Amino acid sequence: MERNRLHYLDNLKILLAISIVTVHVALAYAPDIWWFFKDETENTRLFVYYQLINPIAMTLFFLLSAYFLPYSFDRKGMSMFLKERFKRIGLPFLLGVLLIIIPLHFFYHLQFRNCGYENIWDYTVTIFLGIGGEQGVCQDRWLTVWPDLKVAHFWFLQHLLIYAVFYAFFRYIQQKFSFSLTQKKLALKSNHILLLIGLLSVLTFILRIWYPLDYWDGFLGAIQIEYANWPKYISFFLVGLIAFRMNWLQEFPTRSGFQWLLFGVILLVCSFVFEHYFTFVLTPGGFNLASMVWSIWDCTMTTSLCIGLIVLFRETLNGTGRLIRWLSANTYGVYIFHVPVVAIIQFLLIQLPVPILVKVSIEMILGILFSFAFSFAIRQSRWVRKVI
């Protein structure tokens, strides 16, 4: 079996990359949420779109990113495995913060504030890093925390690198003491999935008592994390590791997969269409019934869609071709570079005299096209291709 090149997983990553571009376009118009570009015209439906789609896409990204780690470690050993992870994840993270995130923050600072620090060096030291600055000196309507130290979408790379290091350490201990957790294969059944949903729902509800949706914090002062959705991310990363050993993605029954997909789609559509009637939808958190119901609904919906989409792509979208290979080769680049591409497009189209949903649709299409084009252009360098 060509386990290191399953085309349906490549194709699914393309969809996820496109989804992430669209949710970050929507953020510019979502009320009361910070992003690098904000339009005075706001739309609550775009807020709902972002809050529903983004966690599902990121949960699947974590699963797929973890899936081939065991294969990579088996083939390369600890030293080469860690070296490759730092090259493929650590280096893009560091360069991304320096060359993308800080300039974008500075752009936001110049566009939406009037508090001085109009030199990028002064801004970086005082406002972004908070060295010698004072809390409240440059707060605005959308970004009220201080300092500005937010790594935006690069939080995903930050988490992946940390999890990979922990995984390598676990494998080192496993090899040193010669124990195995995979002596017997276990088929994934519905009762296992229901148990996962139950555990996720409990952990999510508990964390959201103190940490509501879209509340980001610096764990240990540096690791950016949204606790409200973190149980799904770390759990599906672990599921990805186990799924490779158990061959779950290849062997999960097709009929069950489509049933989970249908259930997940129904929950997602109901969440979006009937959000005004189902008042518990997107309850931020707290110790209340609405938060408990949404935690269960949310975890069930995400789990169902993750299983269902994998099976759907495995059974119907498992082919490849020149265009698909090109798109697949650029998905990582799209994730890294799409935010500045989208911000520039939205800034250029800020005065476009069309209804907001038409404008957003145009920005989504242009954002997707130019993000893939920019990734392709920058990957013409063989040095860049070695990393992304």
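The values are calculated or read from the model by the stated rules, or taken from the named source; none is laboratory data. Predicted, not measured: the structure shown is a model, and the values here were computed from it. Positions of Cβ are generated from backbone atoms using ideal geometry, with glycine treated the same way; all protein chains shown enter the neighbour counts.
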Please determine, by comparing only the residues of the stretch 179-225 that are within 22 Å of the chain's Cα centre (by Cα) and surrounded by fewer than 11 Cβ atoms within 10 Å (Cβ to Cβ), which one is modelled with the lowest pLDDT. Gly221
Can you find a residue in the stretch 243-251 that is surrounded by fewer than 19 Cβ atoms within 10 Å (Cβ to Cβ), closer than 27 Å to Val151 by Cβ and either within 18 Å of the chain's Cα centre (by Cα) or not charged (D, E, K, R) (or both)? no
Just one listed residue, out of Leu60, Leu52, Leu104, Leu94, is touching a Cys at 6+ places or on another chain (Cβ under 8 Å) and at pLDDT 90 or above, and it is Leu60
Residue in the stretch 76-88 that is farthest from the chain's Cα centre (by Cα), counting only those that are at pLDDT 95 or above and aliphatic (A, V, I, L, M): Met80
Counting only residues that are crowded, with 19+ Cβ neighbours inside 10 Å and of a type outside the set (A, V, I, L, M), the stretch 159-175 contains a total of 3
Got at least one residue in the stretch 104-120 being touching a Leu at 6+ places or on another chain (Cβ under 7 Å), of a type in the set (Asp, Glu) and at negative phi? yes
Please determine whether any residue of the stretch 96-107 is of a type outside the set (A, V, I, L, M, F, W, C), touching a helix residue (DSSP H, G or I) at 6+ places or on another chain (Cβ under 6 Å) and either without any contact (Cβ under 8 Å) to a residue 60 or more places away in the chain or over 23 Å from Asn11 (Cα atoms) (or both). yes
So in the stretch 122-138, with the set limited to residues that are within 27 Å of Leu348 (Cβ to Cβ) and not β-branched (Val, Ile, Thr), which one is surrounded by the fewest Cβ atoms within 10 Å (Cβ to Cβ)? Cys138
Note on the stretch 1-60: residues small (Gly, Ala, Ser) and in contact (Cβ under 8 Å) with a residue 24 or more places away in the chain are Ala17, Ser19, Ala26, Ala28, Ala57
Just to be sure before I move on: is Phe154 touching a helix residue (DSSP H, G or I) at 6+ places or on another chain (Cβ under 9 Å), at pLDDT 95 or above and closer than 30 Å to Gly116 by Cβ in the structure I sent? yes
Of all helices (runs of 4 or more DSSP H) completely enclosed by the stretch 202-290, which ones contain at least 3 residues that are under 26 Å from Phe170 (Cα atoms)? 230-246, 248-251
Could you pull out the residue among Phe272, Phe287 that is surrounded by fewer than 18 Cβ atoms within 10 Å (Cβ to Cβ), in contact with a helix residue (DSSP H, G or I) (Cβ under 9 Å, 6 or more places away or on another chain) and either acidic (Asp, Glu) or at pLDDT below 95 (or both)? Phe272
Take Gly77 and decide whether it is assigned to a helix (DSSP H, G or I), without any contact (Cβ under 8 Å) to a residue 12 or more places away in the chain, among the small types (Gly, Ala, Ser) and under 25 Å from Gln175 (Cβ atoms). yes
Yes/no for Leu327 being at pLDDT 95 or above, more than 19 Å from the chain's Cα centre (by Cα) and of a type outside the set (D, E, K, R): no
Pick out the one residue from Leu91, Leu99, Leu60, Leu95 that is within 23 Å of the chain's Cα centre (by Cα) and either at positive phi or buried (at least 19 other Cβ atoms within 10 Å of the Cβ) (or both). Leu60
Name the residue that is farthest from Lys83 (Cα to Cα), counting only residues in the stretch 341-388 that are among the charged types (D, E, K, R) and part of a helix (DSSP H, G or I). Lys359
Yes or no: the stretch 292-301 includes at least one residue that is at pLDDT below 95 and either within 17 Å of Tyr50 (Cα to Cα) or not hydroxyl-bearing (Ser, Thr, Tyr) (or both). no
Please determine, by comparing only the residues of the stretch 175-201 that are part of a loop (DSSP other than H, G, I, E, B), out of contact with any helix residue (DSSP H, G or I) (no Cβ under 9 Å at 6 or more places or on another chain) and of a type outside the set (Ser, Thr, Tyr), which one is nearest to Gly90 (Cα to Cα). Gln183
Residues that are part of a helix (DSSP H, G or I), more than 19 Å from the chain's Cα centre (by Cα) and of a type in the set (Val, Ile, Thr): does the stretch 133-145 have at least one? no
